[in-house]
Amino acid sequence: MSYVRAIFNWLGFFIILAMDAIVLTLLLPAPYRWRNAYNAFTARRLLACLRVTCGLKHRITGLENIPDTPVVILSNHQSTWETIAYQAILPPMVWVLKRELLWIPGFGWILLAIRSIAINRSKGSNAMEQLKIKGKQRLNEGICVTIFPEGTRKPWGKPGRYKLGGAVLAEYAGVPVLPLAHNAGFFWPRHSLAKKPGTVDLVIGKPIDTTGLDANQINKLAETWIKETTAKLTPDQGQA
């Protein structure tokens with residue numbers, strides 16, 4: 001039964017995302033705030049699709065911790081869920097991602113329209129400079145920058161090593177870090193067609209003041225909070 005629900009879910013996703021790609025492409029000449037607003041609307045529809053087709057809901061703790069000023073957002077990465085939900089829940093934000101994702105028809109158009117920061121990871125130190133320059137530019141424009149320090153999705157209960165990129169940007173731009181922790185990987189594992197019904201828990205921590213801290217210190221504070229908080233999140237499998 002879960003696979004039948006998953007098929008309906010992906011059908012709904014395909015229709016919604018196809019519409020998103022078309023509309024955002026048409027909106028490319030429009031102001032960024034228009035494109036961001038429409039993309040957030042799309043994300044809310046995708047979350048609604050998850051509730052209806054798979055019984056997958058979410059619960060947020062710490063909304064009051066989101067500051068009024070732009071920040072670097074650091075989060076654990078377990079699932080596709082957070083790449084959808086953050087666009088619906090958080091203030092205007094952009095992703096830092098590998099540039100190859102922009103080459104995917106349709107999906108790449110969406111990433112381009114919402115001003116994602118595409119990095120050529122093969123360039124090493126030059127990639128870090130790209131992140132610092134483009135990231136600070138977005139932050140100066142009032143747009144948050146979201147980074148997954150683990151780099152790729154990790155299985156639930158098996159966190160990865162945290163890379164320094166997000167912390168380097170926060171130090172360079174002189175902005176706080178907003179740490180996020182969730183347990184979405186339990187319900188929507190990597191490489192899994194089916195999704196478990198229940199409630200994803202998302203916890204938004206208090207901003208980390210980066211004043212006087214270097215990137216290693218910033219990264220350690222964020223990593224410690226995210227891993228400790230994630231470890232406390234017991235999956236709620238109550239069905240919708």
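The values are calculated or read from the model by the stated rules, or taken from the named source; none is laboratory data. This is a predicted model, so every value here is computed, not measured. Positions of Cβ are generated from backbone atoms using ideal geometry, with glycine treated the same way; all protein chains shown enter the neighbour counts.
Observations, loosely collected:
- The numbered conditions (1) under 18 Å from the mean Cα position of the chain (by Cα); (2) more than 27 Å from T229 (Cβ to Cβ); (3) of a type outside the set (A, V, I, L, M) are all true for P189 except (2).
- In region 154-163, residue nearest to P70 (Cα to Cα) [restricted to those that are surrounded by fewer than 21 Cβ atoms within 10 Å (Cβ to Cβ) and either charged (D, E, K, R) or modelled with pLDDT of 95 or more (or both)]: K163
- Criterion (touching a residue at least 24 places away in the same chain (Cβ under 8 Å) and over 30 Å from W10 (Cβ atoms)) met by exactly one of A173, A184, A127: A173
- Residues of region 48-82 satisfying the condition of being charged (D, E, K, R) and under 23 Å from F107 (Cβ atoms): R51, E82
- The residue list L56, L74 contains one member that is of a type outside the set (F, W, Y), over 25 Å from T210 (Cβ atoms) and in contact with a Phe, Trp or Tyr (Cβ under 9 Å, 6 or more places away or on another chain), which is L56.
- Number of residues in region 1-47 that are under 19 Å from P105 (Cβ atoms) and out of contact with any helix residue (DSSP H, G or I) (no Cβ under 8 Å at 6 or more places or on another chain): the value is 7.
- Tally of residues being in contact with a Ser or Thr (Cβ under 9 Å, 6 or more places away or on another chain), in a strand (DSSP E or B) and under 17 Å from L46 (Cα atoms) across region 182-200: 1
- Of all the residues in region 202-240, those that are of a type in the set (S, T, N, Q) and surrounded by fewer than 19 Cβ atoms within 10 Å (Cβ to Cβ) number 7.
Here is a yes/no grid of residues against (1) of a type in the set (F, W, Y); (2) surrounded by 19 or more Cβ atoms within 10 Å (Cβ to Cβ); (3) in contact with a Cys (Cβ under 8 Å, 6 or more places away or on another chain); (4) touching a residue at least 60 places away in the same chain (Cβ under 8 Å):
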| residue | (1), (2), (3), (4) |
| --- | --- |
| V145 | no, yes, no, yes |
| F148 | yes, yes, no, yes |
| A167 | no, yes, no, yes |
| H191 | no, no, no, no |
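- If the condition is being modelled with pLDDT under 95 and either within 14 Å of W225 (Cα to Cα) or aliphatic (A, V, I, L, M) (or both), then region 165-182 contributes no residue at all.
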